[in-house]
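Rule-based calculations on the coordinates, nothing more; no lab input. As the structure is a prediction and not an experimental result, all values here were calculated from the model. Quick reminder, even Gly has a Cβ in these numbers, built from the backbone with ideal geometry, and neighbours come from all protein chains shown.
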Amino acid sequence: MPHETTHTSRTAGLPALLKTALVNALIALVLFSLMVGVRTEAGSSGQLTYWTRFGEVAALVAAVFSGSIVIELLRQWIGSTGAEKLVPSAVQHGMSFVGRYLAPALLFFTLLVPVIFYDQRYILDLGILVLTYVMLGWGLNVVVGLAGLLDLGYVAFYAVGAYSYALLATNFGWSFWICLPLAGILAAFWGVLLGFPVLRLRGDYLAIVTLAFGEIIRLVIINWQSLTGGPNGVSGIPRPTFFGIPLDNSDDGLAAKLGIEYSPTHRIVFLFYLILALALLTNWVTIRLRRLPIGRAWEALREDEVACRALGINTTTTKLTAFATGAMFGGFAGAFFATRQGFISPESFTFQESALVLAIVVLGGMGSQLGVALAALAMIGGFELFRGLETYRMLVFGMAMVLIMIWRPRGLIGHRAPTVYLTKAQAISSDLVKEGHG
Amino acid sequence: MDYFAQQLINGLVLGSIYGLIAIGYTMVYGIVGMINFAHGDVFMIGGFIALITFLILVSLGLTAIPVILLLVLLVSMAITALYGWTIERIAYRPLRHSFRLAPMLSAIGMSFVLTNYSQVAQGARVKPIPPFITGGYTLHESQDGFVIQLSNIQIMVVVTTIVLLAIFTWLVSRTRLGRDMRACEQDQTMAALLGVNVDRTISMTFVIGAALAAVAGLMYLLYYGLVDFFMGFVAGIKAFTAAVLGGIGSLPGAMLGGLAIGLIETFWSAYFSVEYKDVAAFSILIVVLIFMPTGLLGRPEVEKV
């Protein structure tokens, strides 16, 4: 195939290797010459000044030169041994054994996290963040992974849920447990509202409409200042209560009622189990729905819309239910987000968030529940590793997205269990799963 | 009426810039079938390179504005085109035969890389330049003193767009490269069998798209007098919207969609509210797509039964 001609040949000699590296270095020199080599800055009077940074350019070009030699050598070495042989068969066998028990083990570990890391608030907070994305990923998985509808504006429903809870709780003083279902219902309603115009659209037209929808919701939130507080957001959102009992150090707080000493960690632990429960609810509902006619209709829609219609499946309700279900879970996650933060603003609901959640779903392997959870852990947890490098964080994140896609375009978990089977459940390779144009 | 005419001029100028970016989206979509999410950032890079080249040329003591403009245009087009070529090589070519969502996600990743690369390299603050091309013509003055202005920059933007479009149309319909591009658009495998170098054709598509985006970046810099690292995202979505509105894959459609989005945005800001101009543009996109699911000039998709 033509795409294999990127590099001269698999067993290129040293001269060819150097030539490739030299060409790459030259390209890098041109690319970085102005953007990195000349730094501009606006002075106090608005006058632009610039200074040169040839050292940085030289370092980058040298890095590209040596990097392309290393990559080419690695490619030759792996090419001759074969990627499969790098991992001995015993290990591969063990991996598949581990794979079977990974999900229960992971769940067990997650349940124990607040016990093990009780004193480490940072790890608990990170756990809550990861679980929020696991839930969002599972919610979007219904729309993208199961129904094959490409949704680039998922964060809109997250925003609707968050603002629903924030406004209902601050204006009417309703408790979290009343607002949570309401936030889900409102988000599902918006999901249906978005579903209607896109019923006739296919593929990439669907992608741009969902993207536009996400932007519309964000822009309305920013500009409808009287309702949403505009860019300042909503603050003073009430904290969740343990079914009416506040988690604080007052006399009617949970700690006082149980007769134990109050600690702020109680609230964090409670939030941890709350989002874990919400995420597991999402997972459970998804797995149950997949076995029902509606879930199988989603998967049929993803594989072939025309065949779906020929079989008498009502594509209108199928699409609308997929959007509504996904949106509802997004709404739940949003309500949780609002109560955890105590403050929300439009900045939390940008396209970047939608792309992040979509990346989690695709990286996990479309339709694989375990894959989505692992991808959320890898992406959000991995993202935290770079907290020290503030400005380079998104740069590294974007590069990781590109590299992972090239390495595993089908996601981390390439196999998954079938929804229905005749006698024996055989793993389906994700290569067989259509991406859907529904 | 005068106010309307003035807004019409402003809208056409903005629409020309969007149209130039939209062509890059539509070309790549037509041939490779992917949404190049990083294209908006390529436009932003083009704007930055133009700004830096301006600064260097001015500090070298050049004063002849036409010479400066021409040099800036050439440098910006050349380097931005190389960016387009490199992006295709690194992020899209290895995924060309992969499933549909993979190149899209790697494009989104590339967009993050480019945005943050510019922020790291050039800082987060807005970079203004002093007005370079001044002056203009007064077309009409009404009794109550309202003047319809046509500035030199506006003339330049529209004229450049028309000239580029003419060159581009000639390229696609008359040259060997254009024929190869149209062949790849129809059927890549068949084109390869008939001796078309598919790899090179796709690379050239990215190069041309990036070069046009660089021109749009330069026009934006001259017209608004500033660049910043985040401008690629907003302009990118607008241009993408324009491409879809016109019917993605259709070149005249991209230009028409660009003009439509520019006009909608300008008129909405002029007569209703500035805050909701983007909401208006996106809402009209949704409304148009409800009634014409493949855009204004798009061909209906054939369903295999």
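Each of A:237, B:80, B:191 was placed along the dipole of the protein assembly as shown (beta-carbon charges, centred on the mean Cα), and the one lying farthest toward the positive end is B:191. Ordering B:86, B:160 from the fewest to the most neighbouring beta carbons within 10 Å gives B:86, B:160. A Cβ-based charge dipole, computed about the Cα centre of region A:222-301 with Lys and Arg at +1 and Asp and Glu at -1, lands at about 540 debye. The order of A:64, B:147, A:144, going from fewest to most other C-beta atoms within 10 Å of their C-beta, is B:147, A:64, A:144. Were the residues from residue A:258 through residue A:311 laid out at 0.36 nm apart, the gain over their Cα-Cα distance would be 13.2 nm.
Projecting the Cα atoms of B:52, A:345, B:114 onto the dipole axis of the protein assembly as shown, where Lys and Arg carry +1 and Asp and Glu carry -1 at the beta carbon, places B:114 farthest toward the positive end.
Put a dot 7 Å past the Cα of residue A:178, heading toward its Cβ, do the same for residue A:200, and the two dots end up 4.3 nm apart. Answer rounded, prolate or oblate for region A:168-303, using the Cα gyration tensor with square roots of eigenvalues a ≥ b ≥ c: rounded when a/c is under 1.5, else prolate when a/b is larger than b/c, else oblate. Here region A:168-303 falls in the oblate category.
The simple spin-label model puts a point 7 Å past each Cα toward its Cβ; for residue B:74 and residue A:45 those points are separated by 3.3 nm. Spin-label model, residue B:144 to residue B:193: label points 7 Å out along the Cα-to-beta-carbon direction sit 6.8 nm apart. Around the Cα centre of region A:226-354, unit charges on the Cβ atoms of Lys, Arg, Asp and Glu (plus for the first two, minus for the last two) sum to a dipole of about 460 debye.
Annotation: the residues A:287, B:90, sorted from fewest to most other C-beta atoms within 10 Å of their own C-beta, follow the order A:287, B:90. For the protein assembly as shown, the number of Lys pairs separated by eight or more positions or lying on different chains, with C-alpha atoms closer than 27 Å, is 8. Mean partner shielding of peptide B:239-245, defined as the number of other chain Cβ atoms within 10 Å of each residue Cβ, is 3.
Think of each Lys and Arg Cβ as +1 and each Asp and Glu Cβ as -1; about the Cα centre, that makes the dipole of the protein assembly as shown roughly 1740 debye.
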